[in-house]
Each structure stands twice: as C-alpha cells, then as structure tokens.
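None of the figures in this text is laboratory data; all of them are computed from the coordinates on show. No experiment lies behind these values; they were computed from the predicted model shown. Methodologically, a virtual Cβ is constructed for each residue, glycine included, from the backbone with ideal geometry; neighbour enumeration extends over all protein chains shown.
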Amino acid sequence: MPSSRSQRVHSPFPFIGLSWLGIWLALALAFGPGCSRSSSPPSGTAQSQPSVHVVAEWRPPRFVDVTDASGVVSIYRNGEELGERSIVESLGGGVGVCDYDVDGRIDLFFPGGGTLKVGQPLPGITGTLWRNLGDMRFTNVTAPAAIDRADHYSHGCSIADFDNDGFPDILVTGYGGLNFFRNLGDGTFVESSASAGLTDDQWSSSAAWGDFDGDGDLDLYIAHYVDWSWQNHPFCPASIAGKRETCSPIDFQPLADLLYWNNGNGTFGADPAAVATKVGKGLGVIAADINHDSRVDVYVANDTDANLLFLNRGGGKFEEAGVSSGTAYDQRGLPNGSMGVAVLDYDHDLAPDLFVTNYENETFALYHNEGDGFFRCLTETTGITALGTLFVGFGTVSGDFTHSGFEDLVVSNGHVMQHPRNSPVAQQPLYIHNNGRGKFQRAQFDATNYFSRPHRGRGVVAADLDGDGRLDLVFSHTNEPATILQQQTDLAGSWLGLQLIGRRSNRDAIGTQVVLDTSRGKQLRLIVGGGSYLSQNPYTIYFGLPPDTIVAGAEITWPDGTATKLANLRAGAIQRLLEPRP
Amino acid sequence: MYGQGGMSKRQFRGQERTPPKSQIEAAPSAFRQRRFWILIGCLGALLVGLWYFGSLAALPRIMVERSLAARDFESAWRWTDVADWLSYRNPANALLTARIARSEGDAERMRRELKRATQWGADPQAVRREQLLAMAQSGQLDEIESELMQWLGQSAAETDEISDAYANGLAAQGRFDEALGVLEAWRKDFPADPRPDHRIGRIQEHQQRYDEAEAHYRGSLNRQSNYYPSRYSLGRVLLNQRRADEAVEQFRQCLDMPLPLAAQIQLATALKAQGKADEARPWLKQVLAAPPGKLAASYRALEEQPELFVAAAEYGRLEADAGNFQEARPWLEAALKANPLDLMSRYALAVTLRGLRLKPEADEQFARVNASREAMGAAGELNARIKRNPEDLQARLNLGKLILTHESERSGLYWIRSIFAYDPDYGPAHEALAEYFQSRADQDPSYARLAAQHRSRARAAHQNATPP
C-alpha cells in the first residue's frame, strides 16, 4: 500500500501555501482585532426595563368634548390667509375665565384675533364673552355686555377686579394697544383703556395682575414681545423652496416689558423703568410670591432669551434675578423659546416650583424651588425630558384633576411655522401625570379623545365650569374652534375649594398662599396673577383629597403677610373666606 | 520511538531489524529526509525572496486596510507594525501608515509618513494623492479641487476614499449641496457601502433635518448592521428629538463594538433623559476609569472627534441634578479646565456652587455664563442674516469669531472657513485664522505653519485690495 505520508508530500506548493497561510493566520490570531464582546453592564446597573412605566393604580381622567353641546363657538383668527407669514400670526389667542356677573358660575372670554393688511395697522376682531347658564351650557353675551369691541389685533386676556368693586374687569392685550373693559356691575362693560391710562401701544402678549406695592390695589405687568412692524417684516425662506415662512424671534429685537401702578382711583401710571433693567421677548408671565416673603414677584417666560425673575424688594423696586436664581436657563444653561408658565408645588415641600413650556428641540422646564430664592432645573430627573417627540408648548395649567393629592400638568401644543421641518403644525396636547414620587409621565388616551388628536393649540385654563368639584379644561386654538372638555371621571376621594376675598388686600387675593393640612400631608396652593399663556385661570383654588383623607385645617398667608388659621373646613364644596379686617 | 520495550535508538540499531508491517510504518528514508530539508530550504528561500521584494508584508497590509475600513485604528496600527517588521522601509507600508494617520486626523504624523514614503521610493503620484485627500478632508479645497475632481473621474478603485474626503471638504466649507451630490454618487456606485448614507445623515443632522438624517442612518444600517458610526449617530438624533427610549436601544447595541466607551457616555445621557440617573451613573464611572487613549480611540472608531472630558462633564451634571453637589464639583471643574468654553458644565458648576451655599463663587460662574449667553445673543441675528444671504461674509466672520470665543472652537473655525467657499481670498477671514493658529502654535507645530499660511494669504488679499 502506498504511504499516505508520501501522498501528502506529493506537491510542495500546497504545503508551502498552507504553511504560509498558517503563519499569517497565527499572526492574525495573535495581533488581529480582539473578539467582539459585549460590554457587561458595570456593577450597580439595574436591568433595563421596558421604556414606558405603567402605573397600574392611576388612570387618566375622563375628559369629554362638550363644545358643541355647550353652544360655545369661538375661533381665533390670525389673518394667515393673506400669506404674509408675519410673526404676529404665530402668537395666537388665549382664553379667560371669570364670573363676570357674579352669579356663582364661571363664564368664558375669548380674544378674537385680527386680520392683516400690508402696510396698515392691524384690525382687530371682536372677542366673545360667554355666560354660563349651568350644565355646561353657555350663551354669547358679547353684544349685550357691550364688550363687542376690538381696537387692536388681540392676543391675550387678563382678568381681575382692579378696583375692588366685586366685579372682574377684562384686559385684552394685542398688537398696537390694549383694550381694557371695566365691569360696571350690571352685566355690561365699558372700554376704559384711555381713561384708565392704559395707553401702551407696544406689542403686548401676556399680562399679570398683582399688588406689587402692597397698597391693596392690583397693579399690572405687561409682557412685550418683539419689534415687528410692516417696516420690519423680513422675508424668511421656508423649508420648501420658494415659499415664505414665519420668521423666528431671533430676527427681531426684544421690547422691554411695562409695569403699570394702580393709582387707586380707576387709573394707572406707567413705570417703564421698573422692569426695564432686563429685556426679553416676553410671551408668558406669572405674578406670585415665589420666595415667600409676602411680596408678589414676577416671572416672565421669554422666547429665545433668558427668562426673567423680578423679585419684589418692596417700595416699588424689583431685582432681576433670573440667572442667579437658576430660572433663566434650562439645565444646559441655555435660553429657551419659552411661552407658558405655571406654578405648582409638585413634591409637597411647601415651596412653589415653576413649570415652563418651551419650543421644539428643547424640553419643557421644571424648576424645583430649593429655597432661599434658588431653583434647580430638574427636567431630566423628573421625567419631563422623556415626554417624547417634539412639542411646541404654549398654555399650561396645573391642577389636581383626579383628587390624588398631587397636581398634574396640562399643556396646549401647536407649531408656529407653516412648514416646520421636525414636527407637525398641529400637535397633540399633553396631560402629564405627577406620580407623587417626584416623577412625571405622559398620560395616554384613546384615539378619539381630544388629547390624542392634533390641534394648533395655544391657551388653556382649568376651571370647574359645572360646579361638580371636578376641574374641566378649556383650550383655545389658532383658526380652529375653541374646545371645552368636561371632566366626567368617576373620582374616588373628594375635593375642597377656597374662594378668598381680600379686604385689606386686593379683592381677588392675588399673592395669597394657602397650606392645607391633611392626614396625608400638607398641600400648598398659590393665588397667582397671569399664568398659562395669554390666558386667565380662576382665582378659586382647588385641593384634591384622596380617599379617607381627613382635613385638619388650613393656614392662609394673605398678601400682606398676615396669617389666618382655619379649621372645620368642609370637603366637597367651595368655601368663601373673607380676609379678616385689620 | 524505534525501539521496543524501552530500547534506545543505538541499542535498536544494534538489533536485528524487524521488517515493518507496512511501508507506512517504516522509518523515514534518507530521501524523505532530504526532501523535507529541501522543502524547508525552498520555503525559506521563498520567504526571504518575499521579504526582499517586500511582498511578505502584503497580507498585513490587507489587514491594515480591513481594520481601517472597520475604523479599528488600534488594530490597523498593530498590523502596520507587523508589516514594517516583515518589510522594512517599504514605501507601501509608509503610505498606509500615512492613511491611518489621516483617518485619525493626525496631520503631523501623516506628513512624516509621506516624507518617509517619498524617501523610500514611493510613487510620487501616490504620495500626492494622500496629500490631496488630507487637504480635501480638512476643507482646503481651493487649490486642489480641480485636481481632485479629475482624480475622482479617473480612479474607479479609489472612488470611495476620494468621495469621502472630497465630500468632507465640501461640508467643511459649508457647500452642503455639493457635498450631498458627491455622496449620492458614491452611494449609487457602491450600494453595499454604509458610509455614504452615514455622511449624508451627518450633513442633514447638521442642517437640523432630523427626519431625513434618521432615514439615512437607518439606510446605512440596512447596508451594514454593525456600522457603529451610523448606529451611534442614529442614537444621537433620536436623543436630540427627545426619543430617549429609542436612543437607549441604539446605544445599547453600540456596546457590542470593540471599544464602546464613547457609546457608553451617550447611553448614560439617554438614560439620564429617561430619568434613570441611577442606571446612567455606573456607565459613566466605567468610562471615567478607562485610560484616555482608549476613550479617544473609541471616538475615532465612531468617526467622531474625541471629546475626552464629556464623561466628566456628564457625570458632574448628573450628580449636580441629583443634588450631590460635593461629588459633582470636582468633575465639573475638571471638565472646565479641559474645555473652558463648555457653558453647560459651567452652568452646572454655578448651580452646584449655589447648592453648596457658596453664593459668591456661584454668582461668578453665573455671570460668566450670562456674559457668554448675552454675547451669543447676537449669534441668532447673524445666523438669520446668513440664512437670508449665504454670501454675507462679514456675518459669517462675525458669527465664527463669536462662537470661537464663547462656545466652541470647532464650530467657530467651521464658520470662518465656510467663507472660503465664496471667496477664497477673503482677507479678514485669513487674518482671523492666522490669529487663532498663532495663539496655539505652542500646542501643535502645524499650527505655526497654518498661521503663516493664513498671514500670507491675508497680506496678499490686502495688497490686491489696496489701490495702486
């Protein structure tokens, strides 16, 4: 038999080839890239969980769109049909609530907007006032109430009893001037901007009432936006070739805000210098005692500029402390396109925190009050960053909608551009649930729900429109009918409402802090001026009470710092409380 | 072996031989032994011959190219060492080494290797082409563009390298539409190559066309699912759009790469965005414990600029957000020492100092952030001017200087260099660059050279502009 070994060595070349290859293979193993390996998670890493945290015990509230049945037909018009894509068209309009006729039911007011004529002043469209008839039905009383007037292209409304006569008055902001409707107490209004000295002719967005000098009368903070005009109307190209797009606010200069001091005699005096130390492109403003020193401060949400925190130092003086307080920028130290603002104590540490809505590609900002006038932006750690997709957020409100004892947040979203690149023009609003453990998450609704459908959202308010103790919602949109959502959730637990009436202080008690003491801990509420975006919430405050909660009492700190302790508060009702006389 | 029962060979030879059962079991004959040594000799001669003519290094050079394609620079350098060992002073080796250096962005090393290649007899055209690729890659297209385009038209074999460098150079000059054109052509010619889609995605991401960028990154991954630069970039785009859940998925897949440190940082960032700071923390700690060289290599493997102090900055910010101010402070200070323009970290430090109740120190940091932000407030308007008129060179220059001073050196240089796409001889831009490079000449010898070049161009521009 032939030697197999001799057969194997029959041809040297394969042998050489194999040997040659073998050398290199050996070298490759020695020097080549290491085997790919997965990095093992370092110790201490929790196993990754599914991305959506499902909180089995909490269900979103049930909101039903009752707009059609309510009789309310209100569409804010911005004049975009002209095709100019002016930045004026981007702001939209707000919504205000008040009991204008003091019949115990909350009424609605919507600014009307305006039209555009190139090179001409911007004509306004009359707003609408809707009287609450009960059972979520409303009737249009604009004409009978003599509020059917719009001298300017309108945006927002801010409502308060400026003269402490018991009847709320309505301020309408806009481009080129203000309309101020003084409530005569007989179901009608009289336009009084000129006679009251409210002659501001700048482009105003949001406004906030507050007694800044502590004299018992409500003063007025007006946020101004940018220096757009027909003479300053640049062409900004759209993402679609040849099309025009709404310009960004960075194409314009900011306008300084304005403070009006209430003279106490039905007139106001403008004080441009009071808050002119810093300027920004103001869109949202809130007046509240942020640092618990019994003086009403002002926080302004600016668009692409640092937000401003004017701390009231008394004597009519403000100190701007946005940067040093940590509320000017987001957690990256960047100014955002800020629009709306809400105040809430989300973690029950009895210090008011701030929530600000921002532009797409930015997150909404949650500023946690650390005390001593300092805030930390905890957007990421509280889960706000994880809300997902790109929203352009405007109006926002906080409220304990489900009687959980913690306030949730609602945001109205909608783009400002006609051809945005990264997110749609119409956007879903957000209901953001506070789980009571320092985290927020977005609530999901069925496909037919208002919250699941896109809208060109702007303002939003939360109010108990039907007096059933459940907070309802009203949204304003651009070129889309306003929406009224009645809350019909079958809620466990209870609630408690407080309507505070100032006697030494301003009648609406703006600037008051209330701490409710319950068997499940304490809850803080503030009565604020302004808030949301271009909108006005009611001054009545609501507390949600989880099941089996016992209310021990409440402590009210009135705007002048005096405190009132209350006991024997009844759950399930709104209680009206008068400020003690001096 | 030959003996029975433990006998030695000598003992066995003295014994009467027992005939073998088969020839296969027979001891190797003298012929077989001779043949064996002849083969060894031939092999040795072959090896010597291969070594002499430099062919022995062919396989390691193939391995270098493969490592380069996979962006595994560590492996590429190791194989070049093997190639050098096997074929000393081989110009082909030097050319490849130059290419690795170019891919890593090490211009100085590239120049040295090309010099060596020339000295060792490399084809001058091959050397020139490496130089062209390097210049193209860094955006210095003015003098070489026509030559580059000619080469692109001629060389089918190197279309990918040329297209890559050329598109990079066009993008560096802000000529994005042209860059996209080059990349689209590359994509068409090389449908299996994941790189063109990745490069297109990067440009679109820069232009904030996130949906399109995402689509191209995904397209790249469809071509090669383990092309980590695209997966990393996809994660980044998702994170920028607040899609943290999806971003986490992408970065987790990047952990399979040989050096995942850079991806770990992004994973931690994404986890933080989900509100999972506790999960993010260990990933960052792991990165912080790794040698800086490994982190830099990790970034290069992802075709990203190494950002060695991002982990420190992220960790500091994470701890600041968690209220662990004592822990946060040293990391933020270290991050700022490495990159004083990092405003995010500076702001986080200000918040940290405030949290430590060090108000004066905090106010100082807040003031610095505020000053930069206010200065950068003009950037928006400049950007708007450029959008309206891309040829507003003064606006580009002002924006570039602003960003260079207050935000980012890389971005600032990009804006200044973008001017040359419209006017290669724009004097003020050359002056600005001369000033920048001169101020950093002690950091890198090539900077002094660049400063001189730009000074010369600025002088020439001034002379041309001055009326006789």
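Out of all DSSP beta bridges in chain A, what portion is antiparallel? Express it as a percent rounded to 5.
In chain A, approximately 95 percent of DSSP beta bridges are antiparallel ones.
Between helix B:176-189 and chain B, what is the angle of the helix's C-alpha long axis to the longest principal axis, kept within 0 to 90° and rounded to the nearest 10?
Its long axis makes an angle of about 20 degrees.
Straight-line reach only, C-alpha to C-alpha below 24 angstrom: list the lysines that A:Lys565 could link to, leaving out same-chain residues fewer than 8 apart.
A:Lys522
Using the Karplus curve 6.51 cos²θ - 1.76 cosθ + 1.60 with θ = phi - 60°, what ³J(HN,Hα) values do you get for each residue of the stretch B:302-309, in whole Hz, with x for Gly and Pro?
9, 6, 10, 5, x, 10, 6, 10
Using only alpha carbon pairs under 8 Å that are at least six residues apart, calculate the relative contact order of the stretch B:392-465 and give it in whole percent.
In percent, rounded to a whole number, it is 25.
Report the full-extension gain for the segment B:Gln438 to B:Ala215: residue separation times 0.36 nm, less the Cα-Cα distance, to one decimal in nm.
76.1 nm
Which value, in debye to the nearest 20, describes the size of the charge dipole of chain A about its Cα centre when Lys and Arg Cβ atoms bear +1, Asp and Glu Cβ atoms bear -1, and nothing else is charged?
With Lys and Arg at +1 and Asp and Glu at -1, about 2580 debye.
Volume per residue, Å³, of the convex hull around the alpha-carbon atoms of the protein assembly as shown?
Hull volume over Cα atoms, normalised by residue count, gives 236 Å³.
Can you put A:Asp227, A:Asp217, A:Asp517, B:Asp442 in order of Cβ neighbours within 10 angstrom, beginning with the fewest?
The most exposed by this proxy come first: B:Asp442, A:Asp227, A:Asp517, A:Asp217.
With labels modelled as points extended 7 Å from the Cα through the Cβ direction, what inter-label distance (nm, one decimal) is found for A:Ser195 paired with A:Trp230?
Going by the 7 Å Cα→Cβ label model, 3.2 nm.
Averaged across orientations, what area in nm² does the convex hull of the alpha carbons in the stretch B:392-465 project?
That works out to 4.6 nm².
So if I place +1 on the C-beta of Lys and Arg and -1 on the C-beta of Asp and Glu, and nothing else carries charge, what would the dipole magnitude of the stretch B:392-465 be about its Cα centre? I want it in debye, nearest 20.
Magnitude of the dipole: close to 140 debye.
Tell me which of B:Pro91, B:Ser103, B:Ile203 sits at the most positive position along the dipole axis of the stretch B:87-212, charges placed on C-beta atoms (Lys, Arg +1; Asp, Glu -1).
So the residue furthest toward the plus end is B:Pro91.
Report, to the nearest 10°, how far helix B:310-321 tilts away from the longest principal axis of the Cα atoms in chain B, using its own Cα long axis and a range of 0 to 90°.
Tilt relative to chain B: about 50 degrees.
With an 8 Å Cα cut-off and a minimum separation of 6 or more residues, compute the relative contact order for the stretch A:261-349 in percent.
Worked out over the stretch A:261-349, it gives 24 percent.
Diagonalise the Cα gyration tensor of chain B and give the resulting equivalent ellipsoid semi-axes, square root of 5 times each eigenvalue, largest first, whole Å.
Taking √(5λ) for each Cα gyration eigenvalue gives 53, 32, 21 Å.
Using Cα-Cα distances under 8 Å and only pairs 6 or more residues apart, what relative contact order does chain A have, in percent?
Computed over chain A, the figure is 14 percent.
Figure the gain on full extension for B:Gln33 and B:Ala375 (residue separation times 0.36 nm, minus the Cα-Cα span) and round it to one decimal in nm.
Full extension of this stretch gives 114.6 nm more.
Between A:Gln120 and B:Trp85, what is the label-to-label distance in nm when each label sits 7 Å out along the Cα-to-Cβ direction?
8.7 nm
For B:229-241, what's the mean count of beta carbons from other chains sitting within 10 Å of each residue's beta carbon?
1
Quick check on the stretch A:465-536: take the gyration tensor over C-alpha atoms, sort the square-rooted eigenvalues as a ≥ b ≥ c, and tell me if it's rounded (a/c under 1.5), prolate or oblate.
oblate
Tabulate in residue order the Karplus-calculated ³J(HN,Hα) for the stretch B:345-355, using 6.51 cos²θ - 1.76 cosθ + 1.60 with θ = phi - 60°, rounded to whole Hz; enter x for Gly and Pro.
Values, residue by residue: 5, 5, 5, 4, 5, 4, 5, 4, 5, 5, x Hz.
For chain A, rounded, prolate or oblate, judged on the Cα gyration tensor with a ≥ b ≥ c (square roots of eigenvalues), a/c < 1.5 rounded, else prolate if a/b > b/c?
Note, shape of chain A comes out prolate.
Might you report the magnitude of the Cβ-based charge dipole of chain B about its Cα centre, with Lys and Arg at +1 and Asp and Glu at -1, to the nearest 20 debye?
Charge dipole of chain B: 1960 debye, to the nearest 20.
Can you spot the aspartates and glutamates whose alpha carbon is less than 15 Å from B:Lys359's alpha carbon? Ignore those fewer than 8 places along the same chain.
Leaving aside aspartates and glutamates fewer than 8 places away in the same chain, those within reach of B:Lys359 are A:Glu370, A:Asp372.
To test your reading of the geometry: what angle, between 0 and 90 degrees and rounded to tens, separates the Cα axis of helix A:12-31 from the longest principal axis of chain A?
30 degrees
Just to be sure I understand the model, the point goes 7 Å from the Cα along the line to the Cβ. What's the resulting A:Asp349 to B:Leu356 distance in nm?
According to this spin-label approximation, the distance is 1.9 nm.
If you average the alpha carbon positions of the stretch A:379-448 and of the stretch B:157-221, how far apart do those two centres end up, in angstrom?
Each part's Cα centre sits 36 Å from the other's.
Answer with one residue from A:Pro424, B:Pro258, B:Tyr347: the one whose Cα lies farthest towards the positive end of the charge dipole of the protein assembly as shown, charges on Cβ with Lys, Arg +1 and Asp, Glu -1.
Checked the options; the winner is B:Pro258.
Within the set of other residues whose C-beta is less than 12 Å from the C-beta of A:Leu133, count the net charge using Lys and Arg as +1 and Asp and Glu as -1.
-2
Can you pull out the trypsin sites (Lys or Arg not before Pro) in the stretch B:312-369 that DSSP calls coil and that have at most 14 other Cβ atoms within 10 Å?
Taking the stretch B:312-369 and a limit of 14 other Cβ atoms within 10 Å, the loop trypsin sites (Lys or Arg not before Pro) found are B:Arg357.
On a C-alpha basis, how far is the centre of the stretch B:320-362 from the centre of the stretch A:307-339 in Å? Whole number, if you could?
19 Å
Projected onto the charge dipole of the protein assembly as shown (+1 at Lys/Arg Cβ, -1 at Asp/Glu Cβ, origin at the Cα centre), which of A:Trp495, B:Gly400, A:Ala287 gives the Cα projection farthest towards the positive end?
Of the options given, the answer is B:Gly400.
Using Cβ contacts closer than 10 Å as the measure, can you line up A:Thr489, A:Thr549 from fewest to most?
The fewest-first ordering by Cβ neighbours comes to A:Thr489, A:Thr549.
Using 1/(1 + (r/R0)^6) with R0 = 41 angstrom and r between the beta carbons of B:Gln453 and A:Ile240, what's the FRET efficiency to the nearest 0.05?
The value I calculate is 0.50.
If you wrap the stretch A:57-161's Cα atoms in a convex hull and average its projection over all directions, what's the area in nm²?
9.6 nm²
Please report, to two decimal places, log10 I(q)/I(0) for the stretch A:106-189 at q = 0.13, 0.14, 0.25 Å⁻¹ as given by the Debye formula with identical point scatterers on the Cα atoms and no solvent.
Here log10 of I(q) over I(0) equals -0.42, -0.48, -1.21.
Apply the Karplus parameterisation 6.51 cos²θ - 1.76 cosθ + 1.60, with θ equal to phi minus 60°, to every residue of the stretch A:250-267 and state each ³J(HN,Hα) to the nearest whole Hz, in sequence, with x for glycine and proline.
6, 7, 10, 9, x, 10, 5, 6, 9, 10, 10, 8, 6, 7, x, 10, x, 10
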